[in-house]
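Input: a single structure, listed below in structure tokens.
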Amino acid sequence: MQKRSISNVRRFGADGRKTLLLLLLLFAIPADDGFAQTPPPPVDGHALERVSPTIKKRLATRFSLGAFAGRFEETPLGAVRDTVGEGTIQHRGDAGDSIYWLCYRRAQHRIWVVSSGEMGGPDHRVTEIVEELAEKDTEASTDCAIVPEKFGPLVFDGRLHLGMSRLEVVRALGPPSKSDAARMVHSHAGKLADGFDETGWLILRFREEKLVSMRGGKTTTN
């Protein structure tokens with residue numbers, strides 16, 4: 001009787017450890033693939049460092065994904081997701097570092113539509129958009145939703161899109177506020193009719209003289 005009890009305890013202990021291991025593995029697996037979506041790349045602080053707002057025209061006021069037209073600081077992330085029919089709104093950070101975003105991919109293109117938790121309001125209005133073109137298909141993240149072809153290309157302010165040459169960009173936007181061999185920064189600051197201050201900016205990166213990354217954002221403050 002004593003031997004049988006010891007045997008049962010040992011078997012229970014082994015089974016218990018197996019059960020615990022299985023539970024740990026289950027909790028380690030995300031319940032929704034959306035939680036694994038790649039966050040937007042961090043802003044390069046050096047790119048915007050000490051950049052004078054030399055651009056007179058307003059920047060990053062509107063965007064389009066194919067026929068879908070949206071406006072920075074007005075269009076909610078939910079409206080983008082519902083129109084595209086794909087994507088899961090993600091979130092990370094607290095207070096001023098809080099952001100919400102949608103991540104999409106198409107071939108070598110990767111797009112993040114972002115809302116600042118502080119500036120985007122409770123309905124998470126779009127405050128920033130990033131698009132990058134990877135050198136190879138394998139470099140594009142596979143954990144972002146696939147955007148249907150009809151929602152391409154992404155265009156800023158009706159004229160800026162990936163694939164443009166440096167010369168075409170300058171013709172469209174005017175001389176940059178800051179530039180180097182691989183990058184241009186366009187910065188705008190102005191006062192709106194209601195007295196609010198508006199800041200818009202574009203960070204553009206080139207590879208072999210072609211635009212391969214663009215990041216645009218806008219904020220309005222009083």
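Once both labels are positioned 7 Å from their Cα atoms along Cα-to-Cβ, the gap between residue 50 and residue 196 label points is 3.2 nm. Summing Lys, Arg as +1 and Asp, Glu as -1, what charge do residues with Cβ under 15 Å from the Cβ of residue 191 carry, residue 191 excluded? Result for the local shell: +1.
Would you work out if the range 125-216 is rounded, prolate or oblate? Take a ≥ b ≥ c from the square roots of the eigenvalues of the alpha-carbon gyration tensor; rounded if a/c is under 1.5, else prolate when a/b is larger than b/c, oblate otherwise. Oblate. State whether the range 64-193 is rounded, prolate or oblate according to the following rule on the C-alpha gyration tensor (a ≥ b ≥ c being the square roots of its eigenvalues): a/c under 1.5 gives rounded; otherwise a/b larger than b/c gives prolate, and the remaining case gives oblate. Oblate, since a/c reaches 1.5 and b/c is not below a/b. Working note: Cα atoms of the range 88-161, range along each principal axis, descending, whole Å: 36, 29, 19.
When ligands, DNA and RNA are left out and all protein chains stay put, how many square angstrom of accessible area per residue does the range 77-222 have with a 1.4 Å probe? Mind showing how you got there, number by number?
Numbers: 6890 Å² over 146 residues.
I get 47 Å² per residue for this part.
Report in % the part of the accessible area of the range 148-211 that belongs to carbon and sulfur, leaving out ligands and nucleic acids; probe 1.4 Å. Don't skip to the answer; put the middle values down first.
Working: 1810 of 3260 Å².
The value for the range 148-211 is 56 percent carbon and sulfur by accessible area.
Under 17 Å from a point placed 7 Å out from the Cα of residue 108 along the Cα-to-Cβ direction: which residues of the range 185-222 have their backbone N that close? From the range 185-222, the list is 205-214.
With +1 assigned to the C-beta of every Lys and Arg and -1 to the C-beta of every Asp and Glu, and no other charges, what is the dipole magnitude of the range 43-147 about the Cα centre in debye, to the nearest 20? Please list the in-between numbers first.
Values: 13 positive and 17 negative charges, 102 e Å.
Once rounded to the nearest 20, the dipole reads 500 debye.
The values are calculated or read from the model by the stated rules, or taken from the named source; none is laboratory data. The structure displayed is predicted, hence computed values, not measured ones. A quick note on method: Cβ atoms are made from the backbone with ideal geometry, for glycine too, and the neighbour counts reach across all protein chains shown. When the accessible area is computed, the model is the full protein with side chains, heavy atoms only, and any ligands, DNA or RNA have been set aside. Shrake-Rupley method; radii C 1.70, N 1.55, O 1.52, S 1.80 Å.
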